[in-house]
Amino acid sequence: MSLHELSAKARENRDGVRAFMIDNVYPAEERMMQELADGDRWQPIPHVETLKAKAKAQGLWNLFLPESDLGAGLSNLDYAPACEEMGRSPFASEIFNCSAPDTGNMEVLARYGTDEQKEQWLTPLLAGEIRSAFAMTEPERASSDATNISTRIERDGDSYVINGRKWWTSGAMDPRCKIMIVMGKSDPDNASRYKQQSQILVPMDTPGVTVKRMLPVFGFDDAPHGHAEVEFKDVRVPASNMILGEGRGFEIAQGRLGPGRIHHCMRLIGMAERALERMCRRTLNRETFGAAISTRTVTRERIAESRILIDQARLLTLNAASMMDTVGNKVARKEIAMIKVAAPNMACQVLDWAIQAFGGAGVTGDYGLAKTWATARYLRLADGPDEVHRNQIARLELSGYDETPSETGGTADVMPSTDGGFDGRPRFMS
C-alpha cells in the first residue's frame, strides 16, 4: 500500500471522526470553553461527557489500539488519518477516548498487564469511566536520560514501598484520575543501567501520595487534565501491582513511548492544518494599505511553506506508522525519532506564522492559536527532547558505516547496498 492509499477501514474511521467533528465538536467548542471557564476548572466539562457517550454509541471509541481486539482493530497506519482529525480540536481526543496519557497506559496494561491488573484498571479505562497518569519525569534529574531517575521502588515482604518526587505527571490533577503508572529504580546497583528500573501501579488514593502543585505550560493550566508535581512518601502497594516484573521498566517504557510519540505527531499535523486554514481565511478577509493581506508576498511565502512543511511531516508520520506495523517499533525507532523532531518543530513554525497573520488577536485566547502553540512547543520536550532524538538519529545513521581503508591509505565512505546491508563500495566525495 502506498502512503497515499488508505485501507477501507482507515477511510471509514477517518470519515466517521471527521463527520462527528463537523456535526458535534466544532459547533460546541465555544460552549465547552465557556463551561470550563464558568465552573470549577478541575471538574469534567459537562458537554465533553455528553459527546463522549455519543461517540461511544457510534463506535468511534478506542481507535488507537493496534494488534489488539480491545480497540477498533486499526493498525498504526490506519489510525493516523483519524488521529490527525482529532488533533484539530483540543477536546476531540478525550471525546473519542484516545487521549494521552490514557492511551499509553492502556497499551501498557493490554501488552504487559496481568489478568487482575487488566480487570481492575484496563477495563474501566477502556470504558472511559476513569482516567490515569504516567509518572516518570523528575525535577531533580535531567530526564532526557531516562536511566537517570532516582525514585525508589523497594521490595518489603508482599509489598513495594515507593519514595520520590515526580513532575509533569499529566492527568494527575483530574478528579477522574484513579491510577498512576510510576517508574522508579528497584535495583540501582544492577550492572545494566537499563535493568535498574521498574514500573508499578499506584492508585491515586494510596496513603503517602501527595499532589503538590499544578504546573502550567506557558501560563496555560490545561484544566481539567493538568500537569502535576507529585510526591511519594513511604507509599506502600501490593507486590502484585508490579508490571511485567522487576527490572523491566525501561523495556516497558520503550514499548510505550513509540506509539505515544507518533500519536502526538499525528495530532500535531491536525493542529497545524487548522492553523493554516485560519491563516488563509484571516489574510483573505483583512486589508492593510488598501489590499488583502493574502496578496503580500511574505504572506504567500508563509502559506506556501506551511503547506510544504505539513505535507512533509504527514508523509514522515505515515512512513513511521507503516514501519511500526510491518517491522516493529524497535526497528522503526529512527523513523519514530525523525517524526518526533519534525512534527513539533513544523507545528511551532506554522502556528507562529498564523499568530503573526492574526496580529494582536493571535496572542489572545480568542482563537486558540496561543494555546495550541504552547502545546506544540511543549511537545518538543515531552517524550524526549529534540536533542536526544537527533542524537539517536545520527547514531543510527552512522551505525551503518565503518572506516574502510581506501586505496590512498585514508578512509573511504561505504555505500549502502540496496538490501539494507553495506556492500563495501567506496563513495568518494568531491
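Residue 73 meets each of the listed conditions (1) small (Gly, Ala, Ser); (2) more than 25 Å from residue 347 (Cβ to Cβ); (3) part of a strand (DSSP E or B) apart from (3). Taking the condition of being over 23 Å from residue 135 (Cα atoms) and either modelled with pLDDT under 95 or of a type in the set (Lys, Arg) (or both), how many residues in segment 250-280 meet it? Matching residues across segment 250-280 total 2. Checked against the criteria, residue 255 does not count as among the small types (Gly, Ala, Ser) and either without any contact (Cβ under 8 Å) to a residue 12 or more places away in the chain or assigned to a loop (DSSP other than H, G, I, E, B) (or both).
No other residue among 269, 308 is buried (at least 19 other Cβ atoms within 10 Å of the Cβ), outside the structural domain of residue 65 (by TED's automatic domain parsing) and either over 30 Å from residue 76 (Cβ atoms) or β-branched (Val, Ile, Thr) (or both) apart from 269.
Checking segment 325-339 against the condition returns a match, with at least one residue being in contact (Cβ under 8 Å) with a residue 40 or more places away in the chain, among the polar types (S, T, N, Q), outside any helix (DSSP H, G or I) and assigned by TED's automatic domain parsing to the domain that holds residue 257.
All of (1) closer than 30 Å to residue 32 by Cβ; (2) not in a strand (DSSP E or B) hold for residue 206 with one exception: (1). Only a single item in (1) assigned to a loop (DSSP other than H, G, I, E, B); (2) of a type in the set (D, E, K, R); (3) surrounded by fewer than 22 Cβ atoms within 10 Å (Cβ to Cβ) is not met by residue 178, and it is number (1).
All of 283, 295, 317 fail the test of being modelled with pLDDT of 95 or more and either within 22 Å of residue 10 (Cβ to Cβ) or of a type in the set (Phe, Trp, Tyr) (or both), apart from 317. When residue 30 is tested against (1) surrounded by 14 or more Cβ atoms within 10 Å (Cβ to Cβ); (2) among the charged types (D, E, K, R); (3) free of Cβ contacts under 8 Å to residues at least 40 places away in the same chain, only condition (1) is not met.
Residue-level analysis places residue 303 among those that are assigned to a helix (DSSP H, G or I) and surrounded by fewer than 21 Cβ atoms within 10 Å (Cβ to Cβ). When residue 46 is tested against (1) crowded, with 21+ Cβ neighbours inside 10 Å; (2) touching a Gly at 6+ places or on another chain (Cβ under 9 Å); (3) free of Cβ contacts under 8 Å to residues at least 60 places away in the same chain, exactly one condition is not met: (1).
Applying the criterion of at least 2 residues that are touching a residue at least 40 places away in the same chain (Cβ under 8 Å) and among the charged types (D, E, K, R) to the helices (runs of 4 or more DSSP H) found wholly in segment 77-142 leaves 102-112.
Does residue 99 meet the test of being surrounded by fewer than 24 Cβ atoms within 10 Å (Cβ to Cβ), modelled with pLDDT under 95 and assigned by TED's automatic domain parsing to the domain that holds residue 26? So residue 99 does not fit the description; no.
The values are calculated or read from the model by the stated rules, or taken from the named source; none is laboratory data. This structure is a prediction, so every number in the text was calculated from the model and none was measured. A quick note on method: Cβ atoms are made from the backbone with ideal geometry, for glycine too, and the neighbour counts reach across all protein chains shown.
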